[in-house]
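Take a look at the structure set out below.
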Amino acid sequence: MPMDTSASDVILRVEDLHKRYGKDEVLKGVSLELRRGQTKVIIGPSGTGKSTLLRCINQLSVPDKGRVWLEDVEITQPRTNINQARAQIGFVFQDFNLFAHLTALDNVALGLVKVRKMPKRDALVRANEELARVGLAEKVGSYPAELSGGQKQRVSIARALAMDPKLILFDEPTSALDPELIGEVLEVMIQLARGGMTMIVVSHEMGFARAVADRIIFMEGGVILEEGTPAELFTCPRCERTGQFLRKITELYGETNGR
Amino acid sequence: MNYFEFVGMILPRLLRATVVTLELTAIGVGSGFVLGLFLALTRVYTHRVLSGIANVYIQFFRATPLVVQTLIIYFGLPPYFRAIGLRPMSPFVAACVALGLNSAAYQAEYLRGAIQAIPSGQMLAARSMGMTKAQAVRSVILPQALRIVLPSWSNELIYTLLYSSVAYFVTLEDLTFASMKIAAKYFRAFDAYSAAAILYLVIVILLSRLLAYVEARLRIPGLSVDDRAR
Ligand SMILES: Nc1ncnc2c1ncn2[C@@H]1O[C@H](COP(=O)(O)OP(=O)(O)O)[C@@H](O)[C@H]1O
Ligand SMILES: [Mg+2]
């Protein structure tokens, strides 16, 4: 994707985030920038602070230090309306977190009604469209417990999309899925990325990363060790640790899923 | 007069008393629900001080007999009421207050358990969409918690019905007290008390059926064990 250098194109800017849980400093100064339409994939060993980073971006966890801007609004500023900011940042969780008492349709419509204050009828129309977009037109009336993992994750993606977010954060969206269900979710995400959605994806699906990542970020021990295009990272001569890790996860996860 | 003629004779009085029993139950459980919900939300969603106060309330009402609570409210409070210029409570009001305050403590505990049983990720998901905590509690947590709590709540309703016989201690003629008076007046204890027992039984059976129906209607598809599963 061609890089536009105009600053107005920056959707998200993260500056020197620090986060501590008790004695452990989980984030030790993380900075990154995301431009409109970009997809960045974050990889790194378990317990390295990837989830914490995503949660600090939308302030589900409050960082101890550092700043986050959504376009020109600083959301770490205490006076910023955090709910308004969160409504513009989609979040897709590893274990879906669908609302168990609502149908797929109502899961997607809820935020439109409660947060966007959309009339219920319009919200349902929109929710139907979003579910069709992720291939679930047939399942709008199903409850989460009646759906497969892959279908649940697609509902949760539709739920994020319905809010017209400026970007979507994905936290290991396929890690809780049976292998044969991963493809249908990645397919939706690939379509999104190619359609120009701005996204940060924590994932070890290297096929997906190669297909759509503008950048891969390698995190370890609470810092970003390396950032580069997939090609750069896979052939990086400098960064021994990143290379090791990439070879290991390629062995573990394979490369076939993303197509 | 045989048993059935006797019961036929006292039935109008027993039914009037049954209305009082049902009123006490409805008001006790209803007000207990409102207060209990408030206590449960305070326990779960506020920090030390408020949560602690709610906890002290709950422990006090669960660790002392309902009869003693009723006696305090009906006989113990009037001097203090008069001191601040209020009229003492009538027997009916006192019984409602005692049942409501007591039931609130139990309902608060059931509700707290139900709220905490909702996977925390759903709150995260709601907040990440920009919902306020209050919106998330109302639209996501409570609709599920209330379904979970329904079976214990059904028990609480039945217990409150049965415990409403504390009306005796405030000289209010509910079903139990009416049967006591009838037993004493006609020297027919078994007949009077068994008639009262049958009335309680009928009410409990009807309430249980109604609640089972409501539970079935509110069941979330796919979440419960199949009805036909063994
Ligand atoms: N809410 C929390 N309380 C305490 N420790 C936490 C919390 N969330 C995460 N941690 C710790 O922070 C570290 C990083 O976690 P996480 O961000 O989930 O890593 P990753 O997503 O890279 O696997 C882990 O050691 C984890 O135990
Ligand atoms: Mg994680």
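Worth pointing out:
- From phi via Karplus (6.51, -1.76, 1.60), per-residue ³J(HN,Hα) for region B:209-218 in Hz, x at Gly/Pro: 5, 4, 5, 4, 5, 4, 4, 5, 5, 8
- Among the residues of A:100-108, the average count of other protein chain beta-carbon atoms within 10 Å of the residue beta-carbon is 4.
- Accessible surface comparison of B:I182, B:I158, probe 1.4 Å, protein chains only, largest first: the order is B:I158, B:I182.
- Net charge of neighbours whose Cβ lies under 14 Å from the Cβ of B:L15, counting Lys and Arg as +1 and Asp and Glu as -1: -1
- Relative to the dominant Cα principal axis of chain A, helix A:104-114 is inclined by about 90°.
- Taking θ as phi - 60° and the Karplus parameters 6.51, -1.76 and 1.60, the scalar couplings of region B:11-27 work out to 4, x, 5, 4, 5, 4, 5, 4, 4, 4, 4, 5, 4, 4, 4, 5, 5 Hz in sequence order, x denoting glycine and proline.
- Scanning residues 5 or more positions from A:G37 or on other chains, those with amide H under 5 Å from its amide H are A:T198, with H placed 1.01 Å from N in the peptide plane.
- Shape of region B:40-83, Cα gyration tensor, a/c cut at 1.5: oblate
- Average accessible area per residue (Å²) across region B:3-229 - probe 1.4 Å, nucleic acids and ligands excluded: 52 Å²
- Cα gyration tensor shape for chain B, rounded if a/c is under 1.5, else prolate or oblate: oblate
- Coupling constants for region B:167-184 follow from the phi torsions by the Karplus curve (6.51 cos²θ - 1.76 cosθ + 1.60, θ = phi - 60°), and in residue order they are 3, 3, 6, 10, 6, 9, 7, 9, 4, 5, 5, 4, 5, 4, 5, 5, 4, 6 Hz; glycine and proline get x.
- Classification of chain A by its C-alpha gyration tensor yields an oblate form. The axis ratio a/c (a ≥ b ≥ c) is 1.5 or more, and b/c is at least a/b.
- A:R36, B:R127, reordered so the largest accessible area comes first (probe 1.4 Å): A:R36, B:R127
- Count Lys and Arg as plus one, Asp and Glu as minus one, and take only other residues whose Cβ is under 11 Å from that of B:L211; the net charge is then 0.
- Using bins of 20 Å that start at zero, the share of Cα-Cα pairs per bin across the protein assembly as shown amounts to 20, 40, 24, 13, 3, 0, in whole %.
- For A:M219, the residues whose amide H sits under 5 Å from its own are A:I43, A:G44, A:L225, ignoring neighbours fewer than 5 places away on the same chain, with H placed 1.01 Å from N.
- Here the alpha carbons of region B:114-230 define both size measures, Rg and Dmax, at 21.6, 70 Å.
- The residues of chain A present an accessible area of 44 Å² per residue when probed at 1.4 Å with all protein chains retained.
- Magnitude of the charge dipole for chain A, about its Cα centre and with charges confined to Cβ atoms of Lys, Arg (+1) and Asp, Glu (-1), is about 660 debye.
- Estimated buried accessible area (total), pair B and A, 1.4 Å, Å² to nearest 100: 2000 Å²
- With contacts taken as Cα pairs under 8 Å at a separation of at least 6 residues, region B:3-229 carries a relative contact order of 28 percent.
- Surface share of carbon and sulfur [accessible, 1.4 angstrom probe, percent] for chain B: 68 percent
- Long-range amide H partners of A:V201 with built H, under 5 Å: A:K40, A:V41, A:I42, A:F170
- With the highest mean first, a sort of the peptides B:199-209, A:22-32 on other beta-carbon atoms found within 10 angstrom per residue produces A:22-32, B:199-209.
- Accessible area, probe 1.4 Å, largest first, for residues B:W153, A:W69: B:W153, A:W69
- 10 Å Cβ neighbours from other chains, averaged over peptide A:144-155: 1
The values are calculated or read from the model by the stated rules, or taken from the named source; none is laboratory data. These numbers were taken from a predicted model, which means no experiment stands behind them. Neighbour counts run over all protein chains shown; Cβ positions are idealised from the backbone, glycine included. Please note that ligands, DNA and RNA were not included when accessible areas were found on the heavy atoms of the full protein model with its side chains. Shrake-Rupley method; radii C 1.70, N 1.55, O 1.52, S 1.80 Å.
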